Each structure stands twice: as structure tokens, then as C-alpha cells.
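The values are calculated or read from the model by the stated rules, or taken from the named source; none is laboratory data. Predicted, not measured: the structure shown is a model, and the values here were computed from it. When we count neighbours, we look across all protein chains shown, and the Cβ atoms used for this are built from the backbone with ideal geometry, even at glycine.
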Amino acid sequence: MESNKHILFIREFIKNGKISEGFEELHKLLEREKEFNRFTDTSQLLSSRYARINNQINKGLISINDSNPIINQITHSFFDLLDEINSFLKTNEDDFPQLSRTANVKTKQIKERIKELTYKSTDKKKNNIDLGTDMMINKSALIKSLLSSGKKIKILFIAANPLDTSRLRLESEVREIENELSKSKFRNKFIFKIYLDARLDDLLQILLNDPPHFIHFSGHGNQDGILMVEDKTENSHLIKTENLANLFKIFSNKISCVFLNSCYSKFQGKQIASLKTYVIGMNDRVEDKVAIVFSKSFYKSIGAGKEIEFAFKLAKLSIALYNLEGEDIPELVS
């Protein structure tokens, strides 16, 4: 009850334009209530972005008029975050609730399809993946090999929602994935790094300094490429498909999986695809809710130590389990 009152208090700050004060109160709430830990990273990301914009305004690097759309976007995301905290307070439902008797997907069919979620390697040469070590790891046992290596599996979540594009629920996707990994069987084996409002320089710096095993891009895309945030205007910066493919190919001996959770990303995936790297893409436009369910379900399996092929198939099935349209949109390109 006390937390509900605190959230209402924070909402009043936002409505009165006191965004900084609202973030301060939210941080106090998150520090006090340890069960809200899952929301801490998103809160810090949003508050840092707001502080950065204010700093640019104070230095005269951006005008008030130009900053208004950015601040509005942050404010909307702030309200969304409060809504999610409220929902978390009100319910503690299982991640995969039982289907009702009137559900569109029949239980018997689901059980039969789950039995099919197996993978057998038929070509040992094609299923080897070089992870930058002295040994060759069988691709069909990739996750098992990574977990037994003694090193942590690094997942990079890099997202972009430029100002000149429609708003996406990227923070929600971050929270869902983070939640799945944090309560998974092998939760201590993963490092989950998050970059929202990602620029090209961010991606290049990460690949050079500390290349991850998984690169997860979430945002807008089209048949020409993916959209990241341009440095000065925060509008779209298109990374063309061919250039993106060439970039990932340079680091393909380090990266195990490229997950492109954006519209029409199958086209980029086909060019990125190689014998060394798994690539997941979308063959059409993908709705926010479908993208979030698919990605959180994928990492639910990865966190449980399942291989990528299994995780992909179960994530696709999860779209149907939630009675959503779009099960045929994700593709395991390679």
C-alpha cells in the first residue's frame, strides 16, 4: 500500500513537470523495496538520458524546441515504467499461464509440437563454431560448451528508437529478458549489458573492446537495413544491410548469435549468415507484444541451458501459447 502511494506521488511530480524530482523519488522507492530490483536498470537508463538532455540544453548544444520531443519520449517511458511497477504489485502470475478451455490453441497439439523441439547435427563440419579459442566447439552443443567453459556468457542488448520513428516498448523488452535471466537455472553464468538510444559508435566500441557472445538488436528496421540513433539530432541513422553484414562478419569468430528483433530483419540476417554464427531475423513487420514475448521466451530457454535451435522453436511456439498472431514471422536464418 505504501508503495502504491509513493507511485502516485511520483506521478504528480511528472504531471507538474518535475521530472528530475520524480526520478529521485523513484530511485528512493527502488532502493527501499528490494523486490523492485528488476526495474532499477531501466530507471537509471531513463534518468541518465534525461540528465544528458538537460546538460545539452544548459550548454546550448540543443534548443528547447528540439529537446521537447526527446523529453516527451522520456516522460512517456517514465509513465510506462510506473505502470509496470503497478502491475507487478497487483499480480504475480506465472510467465506461461494455463490455457483456458476455450483457448485457440489446443493443449494436445501443443504437447505434440513440444515433443518435436529437438535438434540433431547432420554435418559435423558445418556445425563447428570458432569462439576465438584454440578448440572447435560443436555448434549443436554451443550453449553447453559455453556454460562448461568457466567463462560467463555475454549478452549485449542494443536498442534504438530514434525521434523520427514510432515509439517502441524497448524498456519493457529489456525488463522481460532481464527478469528471465535473473531467475533462470544458470543465472550466475550470464552478463546482460544494455544500451538504449544506441549510436553506431556505441556498437563499434563494444565490438572492439569486449565482443559479446550474443548481440541482440531491438528497434526499427526495413529491407534496406536497421535504424540507430544519429549523434546530434537523435533522429534515424540507417546502417545498410551490406555494411551491417560486413561488420558482423569481421567479428564472426567471437559472436555466437545475432538476434535482430526488428521489422524485415531477415534481409539483413541472410547477408550476416555464415557457418560460424547463428542469426535470428523477422520476415515481416512485427508487433511490439509479439517481439517481447518471442525474445523473453528465447532467453528463458537459453537461461535454462537449452541450445539455440530449441530456444528459437520454443520462443516461436510461445507466440501461439499467448494466443498472438505472428508465429511465422521469426526465422532462424542460419
Members of segment 21-45 found to be at pLDDT 80 or above and over 22 Å from Arg169 (Cα atoms), listed by number: Glu21, Glu24, Glu25, Lys28, Leu29, Glu31, Arg32
Single unsatisfied condition, Thr241 versus (1) polar (S, T, N, Q); (2) over 25 Å from Phe190 (Cβ atoms); (3) surrounded by fewer than 21 Cβ atoms within 10 Å (Cβ to Cβ): (3)
Members of segment 249-284 that are over 18 Å from Leu227 (Cβ atoms) and part of a helix (DSSP H, G or I): Lys249, Ile250, Lys270
Complete set of residues in segment 1-21 that are without any contact (Cβ under 8 Å) to a residue 40 or more places away in the chain and in a helix (DSSP H, G or I): Glu2, Lys5, His6, Leu8, Phe9, Glu12, Phe13, Lys15, Ser20, Glu21
Residues being farther than 21 Å from Leu146 by Cβ and either free of Cβ contacts under 8 Å to residues at least 60 places away in the same chain or not assigned by TED's automatic domain parsing to the domain that holds Ser301 (or both) - total across segment 181-220: 10
Filter result for the condition that a residue is free of Cβ contacts under 8 Å to residues at least 12 places away in the same chain and either acidic (Asp, Glu) or touching a Leu at 6+ places or on another chain (Cβ under 7 Å) (or both), over Glu24, Glu33: Glu24
Residue tally, condition in contact with a Phe, Trp or Tyr (Cβ under 6 Å, 6 or more places away or on another chain) and within 15 Å of Asn261 (Cα to Cα), over segment 290-310: 1
Residue match in segment 270-287 (condition: more than 22 Å from Leu170 (Cβ to Cβ), basic (Lys, Arg) and surrounded by fewer than 19 Cβ atoms within 10 Å (Cβ to Cβ)): yes
Residue among Asn253, Asn243 that is modelled with pLDDT under 85 and more than 17 Å from the chain's Cα centre (by Cα): Asn253
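Go over the candidates Glu307, Glu287 one by one and state the one that is within 18 Å of the chain's Cα centre (by Cα) and among the acidic types (Asp, Glu). Talk me through it step by step, then tell me what you get.
Working: Glu307 fails: within 18 Å of the chain's Cα centre (by Cα).
Answer to the selection: Glu287.
Mind telling me which of the residues Leu146, Leu131, Leu89, Leu99 ends up being surrounded by 14 or more Cβ atoms within 10 Å (Cβ to Cβ) and modelled with pLDDT of 80 or more? Reasoning before the result, please.
Values: Leu131 fails: modelled with pLDDT of 80 or more; Leu89 fails: modelled with pLDDT of 80 or more; Leu99 fails: modelled with pLDDT of 80 or more.
None of the others qualify; the one that does is Leu146.
Please specify each residue of segment 285-325 satisfying the condition of being within 24 Å of Lys249 (Cβ to Cβ) and in a loop (DSSP other than H, G, I, E, B).
Narrowing segment 285-325 to residues within 24 Å of Lys249 (Cβ to Cβ): 295, 298, 302, 307-309, 311-312.
Passing the criteria: only Glu307.
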